[in-house]
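Each reported figure results from applying straightforward, stated rules to the coordinates on display, with no laboratory input. What you are looking at is a predicted structure, and each value in this text was computed from that prediction instead of being measured. Quick reminder, even Gly has a Cβ in these numbers, built from the backbone with ideal geometry, and neighbours come from all protein chains shown.
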Amino acid sequence: MPPPEALRLLRVSKRDTDSETEQVAAWIEQRRSEGITPRDFGIFVRSEAELPRAESALQMAELSYELLQPSAMRLGSKATLSTMHLAKGLEFRAVIVMACDEDVIPNAERIKAITDDSDLDEVVATERHLLYVACTRARDHLLITSGDTCSEFVEDLLPGPTQLASQARHFAAPTSQLNGIRV
């Protein structure tokens, strides 16, 4: 699979999810103007709790989509919306990984429930793996969004040392330079 040509990271205030919706919709519209069809979009979130954020952006962009179900893993002519858990084995020309907030990935409730350090290591590795798999479903374009505080796992993926700005930032480096995470 050829690597995505560029990575875009979008950070918005958690209190301003309208901005996230608008900017994701604009990104989708830009990709569509480049000839990417609805079926070539994959949109992933950490869990079902974040699906409404993604659905809002897809509706604003007027991008028809289907929610991928574990019992029916077939892709149609519409964009695919799914949790990260179902991303493995899929590939899309354009991928959006939304809601990569620090309390979402790793899942804060899952982390709080851990009582043993070895379990913590396993959960952190699993959560990091989920994000990595979702991001590597992109063939040509990748957009990652987060709220106020971005997950540390996103910084792990970025090429070279970065300081994430509070505004949207474009990284010109090819995402083939995403830091390798063992999966």
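Taking GluC sites (Glu not before Pro) across segment 48-146, the ones in a DSSP loop with at most 12 further Cβ atoms lying within 10 angstrom of their Cβ are 62. When 118, 56 are arranged by Cβ crowding within 10 Å, least crowded first, meaning fewest neighbours, the order is 118, 56. DSSP bridge analysis restricted to segment 10-165 gives an antiparallel fraction near 10%, rounded to the nearest 5.
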